[in-house]
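Novice: One structure follows; several queries about it will come next.
The values are calculated or read from the model by the stated rules, or taken from the named source; none is laboratory data. The structure presented is a predicted model; accordingly, all values stated were derived computationally and were not measured. Neighbour counts run over all protein chains shown; Cβ positions are idealised from the backbone, glycine included. For the accessible areas, the whole protein counts, side chains as well, though only heavy atoms, and no ligand, DNA or RNA atoms are used. Shrake-Rupley method; radii C 1.70, N 1.55, O 1.52, S 1.80 Å.
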Amino acid sequence: MQEEKEFIQELLNPKTQNQAFEKLLKEYQKPLYNHIRNIVIDHDDADDVLQNTFVKVFQYLNRFKGESKLFSWMYRIATNEALTFLSQKAKKNGVSSETLQNKTIDNLKADVYFDGNEIQIKLQKAIVLLPEKQQLIFKMKYFEELKYEEISEILGTSVGALKASYHHAVKKIEAFVTTN
Amino acid sequence: MKTFKLENEPKIKTGFTTPENYFDDFSAKMMQQLPKKEPKLISLFARKKTWMYAAAAVVVLALTIPVYNYFYSNSPEIDDVTLENYITYHSTVSDEDLVNLLDEKDIQKMSVDFNIEDKTIENELSTNNNLEQYILN
């Protein structure tokens, strides 16, 4: 924690800022990209959202109070950015978020940045049917392999509630894959 | 149909890939994009520009004053007679409108002018040689 405080100071100090930010990018761009990509699905969209996320992180760093870990604070920004992006994109296309997500999943096969088989596509189709929060929890636990404690800090939900949500999500997904 | 169980299956990955060197390029792109927080340097040229704008403003102002004076000093002042004539011959204001505009005070003011004593009238009449003429008319 002390180390993290020093790192934040380096990020805020104009003299050490560039170097510190480069370090931040190296450490977090991959996990944050994966997190965002799992929400928005499309690579170009994920690229846009990841940029916005780092710009926001840089902008609001001086307001970061250190109450949570830098890691979870950044994940929170990324999650908000990704969800806002999706709802704005749906609005722009005049469709609901669910319709947009279904359409994106249907296009996955043709996506040059997707290398998956039928079961992977089926899993994505099953996830889209879940409520938004369950989708997030499932993706963070199953794909990103985050700990319940970490997800709890990011989403502000208790570990118990997260476990229950994940359990429900898995049951629904298994039912969908079995019958489809 | 076999029941699908996530935990019995080998780990299913997302299958999402990225362009080659995406993360290296992203870092570079991001570093360039970051808003610079360094203090802004104001070049001498930029300062000179301000002075130039100020000087231009002064010149424009200096030129405007004589023009303003020229137009306003030459605007003809309307004398009372012209004004009266205008109102009498060109105005669309009818007598009735004028009457409506006058209030009690105005009327009292006007009546003062006609408040002439009888004696004065008599005097005037007796000394006036054209009296007969008036009566005849």
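Novice: Semi-axes of the equivalent ellipsoid of region A:110-156: what are they in whole Å, largest first, if each equals the square root of 5 times a C-alpha gyration tensor eigenvalue?
Specialist: Values for region A:110-156, descending: 24, 12, 9 Å.
Novice: Mind giving me the FRET efficiency for A:Val55 and A:Lys103? R0 is 22 Å, r the Cβ-Cβ distance, nearest 0.05 is fine.
Specialist: Between A:Val55 and A:Lys103 the formula returns 0.20.
Novice: Right, next: From the C-alpha gyration tensor of region A:1-145, pull out the three semi-axes of the equivalent ellipsoid (sqrt of 5λ each), sorted largest to smallest, in whole Å.
Specialist: 32, 15, 14
Novice: Next question, about the same structure. What value does region A:20-84 have for Rg/Rh, both radii from Cα atoms and Rh as Kirkwood defines it?
Specialist: Here Rg/Rh amounts to 0.95.
Novice: Roughly how many debye, to the nearest 20, is the charge dipole of the protein assembly as shown about its Cα centre, given +1 on each Lys and Arg Cβ, -1 on each Asp and Glu Cβ, and no other charges?
Specialist: In debye, rounded to 20, the protein assembly as shown gives about 4120.
Novice: Can you give me the accessible area per residue for chain A, using a 1.4 Å probe, in Å²?
Specialist: 52
Novice: Take the cross-link list A:Lys69/A:Lys139; A:Lys163/B:Lys13; A:Lys91/A:Lys141; A:Lys147/A:Lys171; A:Lys69/B:Lys29 and give me the ones stretching past 23 Å between alpha-carbons.
Specialist: Pairs exceeding the cut-off: A:Lys91/A:Lys141; A:Lys69/B:Lys29.
Novice: Rounded to whole Hz and in sequence order, give me ³J(HN,Hα) for region A:138-155 from the Karplus expression 6.51 cos²θ - 1.76 cosθ + 1.60, θ = phi - 60°, writing x for Gly and Pro.
Specialist: Here the 3J(HN,Hα) series is 4, 4, 5, 7, 7, 7, 8, 6, 7, 7, 4, 5, 5, 4, 4, 5, 6, 8 Hz.
Novice: Same structure again: Choose one of A:Phe114, A:Thr99, A:Val55: the residue whose Cα lies farthest towards the positive end of the charge dipole of region A:9-148 (beta-carbon charges +1 Lys, Arg; -1 Asp, Glu; about the Cα centre).
Specialist: Of the candidates, A:Val55 comes out farthest on the positive side.
Novice: Also: Please turn the phi angles of region A:8-23 into ³J(HN,Hα) values with the Karplus equation 6.51 cos²θ - 1.76 cosθ + 1.60 (θ = phi - 60°), one per residue in order, whole Hz, x for glycine and proline.
Specialist: The phi angles translate into 5, 4, 5, 5, 8, 7, x, 6, 9, 3, 4, 5, 5, 5, 4, 5 Hz.
Novice: Mind checking region A:58-148 for GluC sites (Glu not before Pro) that DSSP puts in a loop (not H, G, I, E or B) and that have at most 12 other Cβ atoms within 10 Å?
Specialist: A:Glu67, A:Glu145
Novice: Which far-off residues, 5 or more places away or on another chain, put their amide H under 5 Å from the one on A:Phe114, with H placed in the peptide plane?
Specialist: For A:Phe114, whose amide H was placed from the backbone, the distant partners under 5 Å are B:Thr17.
Novice: Turning to a different aspect of this structure: Å³ per residue of the Cα convex hull, for the protein assembly as shown?
Specialist: Per residue, the Cα convex hull of the protein assembly as shown comes to 408 Å³.
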